[in-house]
Ligand code: ARG
């Protein structure tokens, strides 16, 4: 038998394989709440504009609430024969309210319907992710303010570079995750237009009020071009792109936690609650949460590329290809939310090992730059020469199996006669970080200013 929604011109029903490739209900049932919201707004508008009788609109809206509670209560039977969430909801509405249900689809198409539902869903996710990012930012800030002046090695090339503070390092992630928030916020502002009422592609001859439905659904305005309204998926692409950048940031912090929690580093200790054991090696405590967070970028960026590839070269307007937009977005959203929550939990529980950090900060000749700068300031050497003198001192220290502050004054004056006792003041890691007071620098005073600025901004 042919389809009850569109089967008028069909004598035969679909092949089983046709139904299998065509049906999206297996995943787009996640749009149920948004679909019902959109339909209620549409019905109210049809009544307000005199296209639908008030009592029919009322029956539809009450019926839709029943459908929603059935779905939310798990008492709804989804049917693949009805393809997608839109037709599943409408078919059930028909069973509940009868004839008026058939009037709901006036001046509407599944093309503008799905575009509306999906935008609403993505917008909800952006709001949820924003909340998760705020919580994560607060966890980073808590770590930063606990160790605003704890000294640790700063790295370039994963080689010790210069001493920095733990607080400064945590605050670098605050900057990153705050940019992620603003990226989602930008995308949200751009996507907040309503496709509803674009109908199939060309608009409609019914005297609808698209501004009314846009407002009812929390959109800033209706999309201005009906062709664009039904074929645009930029909002999903921007969501995925923002999610990818955020996941990339998470992967960098996760990687640092993996490295730092190793026996070779011991910079941090992960809590038992965010670690796992080994089934064969009894001593093991593995950073599985950090590793999984590190890996999430793979599927999130994969989803982004999936949708870009689906959209590339699609002629206007709607093509069924676009039904493939949902699963990558759902998967990316779910996994980003999970990764954000796991990172937040891990950071809250994390112990930074202050003594280990401080000892490590003094290794690797980390204050060599301070020494070179001192030679410039005290002895008026050109920086290039100071660099060379310092390099020679580093080589001597290395040959003697010691660090820079362990060189004797004699050993130093042998390299440059002008060096005097005052040099030892700049070779300590605390002096080093305290001296880097330039705006955005690692001096604890500067770091505390940034912490205060962000704490106020997040209030
Ligand atoms: N399930 C479809 C989708 O997700 C809904 C739109 C179908 N429109 C159509 N004309 N076949 O894209």
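The values are calculated or read from the model by the stated rules, or taken from the named source; none is laboratory data. Computed from a predicted model, the values in this text were never measured in an experiment. Neighbour counts run over all protein chains shown; Cβ positions are idealised from the backbone, glycine included.
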- Message: If I ask for residues that are assigned to a helix (DSSP H, G or I) and surrounded by fewer than 21 Cβ atoms within 10 Å (Cβ to Cβ), which ones from segment 427-443 would you list?
- Response: 430, 431, 434, 435
- Query: So, in segment 402-421, of the ones that are in a loop (DSSP other than H, G, I, E, B) and within 46 Å of the chain's Cα centre (by Cα), which residue ends up farthest from residue 153 (Cα to Cα)?
  - Reply: 402
- Task: Among the residues of segment 270-309, write down those that are in contact with a strand residue (DSSP E or B) (Cβ under 6 Å, 6 or more places away or on another chain) and either touching a residue at least 24 places away in the same chain (Cβ under 8 Å) or exposed (fewer than 15 other Cβ atoms within 10 Å of the Cβ) (or both).
- Result: 276
- Item | Matching residues in segment 6-51 - criterion: being within 15 Å of the ligand (Cβ to nearest atom), surrounded by fewer than 16 Cβ atoms within 10 Å (Cβ to Cβ) and not in a helix (DSSP H, G or I) | 6, 10
- Considering only residues that are in a loop (DSSP other than H, G, I, E, B) and in contact with a strand residue (DSSP E or B) (Cβ under 8 Å, 6 or more places away or on another chain), look in segment 315-361 and name the one that is nearest to the ligand (Cβ to nearest atom). 350
- Message: Residues to consider are 296, 326, 285; find the one that is modelled with pLDDT under 95 and in contact with a helix residue (DSSP H, G or I) (Cβ under 9 Å, 6 or more places away or on another chain).
- Response: 285
- Mind checking which residues of segment 100-125 are free of Cβ contacts under 8 Å to residues at least 40 places away in the same chain and more than 16 Å from the ligand (Cβ to nearest atom)? 102
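For segment 155-184, give me the residue count where each residue is at positive phi and assigned to a strand (DSSP E or B). Please lay out each step first, then the result.
If we filter segment 155-184 for residues that are at positive phi, which is where we start, we get 157-158.
Restricting the remaining residues to those that are assigned to a strand (DSSP E or B) gives none.
Final tally of qualifying residues: 0.
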- Message: All but one of (1) in contact (Cβ under 8 Å) with a residue 60 or more places away in the chain; (2) buried (at least 23 other Cβ atoms within 10 Å of the Cβ); (3) closer than 29 Å to residue 364 by Cβ hold for residue 170; state the number of the condition that does not hold.
- Response: (1)
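So how many residues does segment 52-99 have that are at positive phi and either crowded, with 19+ Cβ neighbours inside 10 Å or within 16 Å of the ligand (Cβ to nearest atom) (or both)?
The number of residues fulfilling the criteria is 1.
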- Is there any pair linking a residue in segment 192-207 that is free of Cβ contacts under 8 Å to residues at least 40 places away in the same chain and closer than 19 Å to residue 320 by Cα to one that is outside any loop (DSSP other than H, G, I, E, B) and more than 13 Å from the ligand (Cβ to nearest atom), with Cβ under 7 Å and at least six apart or on different chains, and which? 202/226
